[in-house]
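Step one of this worksheet: look at the structure below.
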Amino acid sequence: MRLKLYLNSENNIISVPFNYNHILSAIIYDLIDDIDYANKLHSKSTFKYFCFSQINISKRKMVDGGFISQNGRISFIISSPDDKLITELVNGIMKKTHIIFLGQKLKIFKCEIIEQPNFSSKMEFITLSPVIVTTKKEIDGKLKEWDLAPSKEFFKGIENNLIKKYLKFYDLDATDKTISVYSNMKSVKRKRISINKGENTTYHRAYNMDLVLEGSPDLIKFAYDCGISSKNSQGFGLVDIYH
């Protein structure tokens, strides 16, 4: 299930930095109605089963360090296969009139539930937030996380991650459902993104791109709801139908 949140500023201008994933992630946790539920979700060391899009900036202008919405309007999408999480978000949003985005008070103008598409055994998607696929690589005698570029290993990583999340979410030991992921490479753009975690900042190579998912409609629906590959709850891997 998906929510689209529309925000606006009374000043008719909103500043958005290039790297804002950690800001949106914090806002999402703050919007959850049940504080205990939000804290438990945040502290989970495994999959958190939600994802969010990049910010859609209406009438944007690039400036040093980011963008400006010149009419004071932005929006973004939150997606999850967990109905309880979506319910907690809706309940929380209904009780709030505004959020704080980088010190800017933004009014919650509208929240809408996005109607789900019909899922089939082969569908083409486009990313709404970039995809990151990692592997372990030995560097200077130590195993370190390494970001992959689109390749056979990259797409296999997406497939394996999706199956793993699906099994964990539904508490299954195994499934006969299968999925194949590839790209026609019609729209591929690398994006360098920083992730703040405490006092540490890490930099990652991620990709906005077209993707084809072929296989079980249930797995394709789960990918649509949950996001593909890793770091979904940090704003990576949300997809939408390619039009």
| task | Output yes when any residue across region 4-11 is surrounded by 15 or more Cβ atoms within 10 Å (Cβ to Cβ), aliphatic (A, V, I, L, M), modelled with pLDDT of 95 or more and assigned to a strand (DSSP E or B), and no when none is. | result | yes
| task | Kindly establish whether E124 is closer than 21 Å to D218 by Cβ, assigned to a helix (DSSP H, G or I) and touching a strand residue (DSSP E or B) at 6+ places or on another chain (Cβ under 6 Å). | result | no
| request: Confirm whether I179 is open to solvent by less than 30 Å² (accessible area, probe 1.4 Å) and more than 17 Å from the chain's Cα centre (by Cα). | output: yes
| note | Only one of (1) farther than 24 Å from D82 by Cα; (2) open to solvent by less than 80 Å² (accessible area, probe 1.4 Å); (3) of a type in the set (A, V, I, L, M, F, W, C) does not apply to F169, and that is (1)
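Among the residues of region 215-232, is there at least one that is touching a residue at least 40 places away in the same chain (Cβ under 8 Å), assigned to a loop (DSSP other than H, G, I, E, B), of a type in the set (V, I, T) and buried (at least 16 other Cβ atoms within 10 Å of the Cβ)?
Yes, region 215-232 has at least one match.
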| message | Residues that are among the polar types (S, T, N, Q) and loosely packed, with under 15 Cβ neighbours inside 10 Å: does region 98-112 have at least one? | response | no
| task | For region 137-145, indicate whether the set of residues that are open to solvent by 70 Å² or more (accessible area, probe 1.4 Å) and in contact (Cβ under 8 Å) with a residue 24 or more places away in the chain is non-empty. | result | no
| Identify, please: which residue in region 1-41 is among the hydroxyl-bearing types (S, T, Y) and closer than 24 Å to A206 by Cβ and is, among those, nearest to the chain's Cα centre (by Cα)? | S25
| query | Quick one: is N91 more than 18 Å from the chain's Cα centre (by Cα) and open to solvent by 70 Å² or more (accessible area, probe 1.4 Å)? | reply | no
| query | Do you know which residues across region 25-70 are touching a residue at least 60 places away in the same chain (Cβ under 8 Å) and in a loop (DSSP other than H, G, I, E, B)? | reply | I32, D33, T46, F47, K48, Y49, F50, S53, Q54
| request: Would you check which residues across region 24-54 are open to solvent by 20 Å² or more (accessible area, probe 1.4 Å) and of a type in the set (V, I, T) and list them? | output: I35, T46
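The values are calculated or read from the model by the stated rules, or taken from the named source; none is laboratory data. Just so you know, these numbers come straight off a predicted model, no measurement behind them. Positions of Cβ are backbone-derived with ideal geometry, glycine not excepted, and every protein chain shown enters the neighbour counts. Ligands, DNA and RNA are stripped out before the accessible areas are found, and what is left, the full protein with its side chains, is counted by its heavy atoms. Shrake-Rupley method; radii C 1.70, N 1.55, O 1.52, S 1.80 Å.
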